[in-house]
Amino acid sequence: MKNVFGIAALFLSVAAAGLAQPEAKAEPQFGEEITGLYSFVHEGEFVQIEVNDGKVTGLVSRFKDEDPEKAEFVDQFFDQAKLDGASLTFRTQPAGDVWFEFSGLVERGPAKTPADEGYWNVRGTLTERPTSSDGKVIEQTHPLTLKSFPQDTEPNPASHEKP
């Protein structure tokens, strides 16, 4: 009889421990709400991200040279891009002798509304792949946070017109 009570007590303690286990948190799912412009490496450069029906397109618009005085921009469209839950990855098409890969996590930033800078942040790693003059690909990797630019939240005046 002692064994029956011992087994029952063991069963109850295991069941109670199982109930006390924290539930796994679901990874956030993002979509069209993260569509917009984001900061890139240097002031004036940006990443445009467009999410439509789960498909991600976009581009990186950057200075051709590191000298901002020349102010010539190069647009590098996404060759591949994917949004999986909170994970965003993209690779640009080459422009000249360089292309980029980015992998990061989308998160809500500290801004209070989409009209403020940094409402969305994508924190991750940027890999720049320039080709040297002798044809070798050089890989330069560093952390980068893409911060959303303020979005126009003004209502469309035409939508308030009466027929």
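The values are calculated or read from the model by the stated rules, or taken from the named source; none is laboratory data. This one's a predicted model, so the numbers in the text were calculated from it and none came from an experiment. So basically every Cβ, Gly included, is an ideal-geometry build from the backbone, and we count neighbours across all protein chains shown. We work out accessible area using only protein heavy atoms, side chains counted, and drop any ligands, DNA or RNA first. Shrake-Rupley method; radii C 1.70, N 1.55, O 1.52, S 1.80 Å.
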Lone unmet requirement of (1) open to solvent by 30 Å² or more (accessible area, probe 1.4 Å); (2) of a type in the set (Gly, Ala, Ser); (3) at pLDDT 90 or above; (4) part of a loop (DSSP other than H, G, I, E, B) for Gly135: (3)
Residue that is farthest from Ile138 (Cα to Cα), among those in region 81-102 that are surrounded by fewer than 16 Cβ atoms within 10 Å (Cβ to Cβ) and of a type outside the set (A, V, I, L, M): Gly85
Failed condition for Thr113, given (1) at pLDDT below 90; (2) open to solvent by less than 70 Å² (accessible area, probe 1.4 Å): (1)
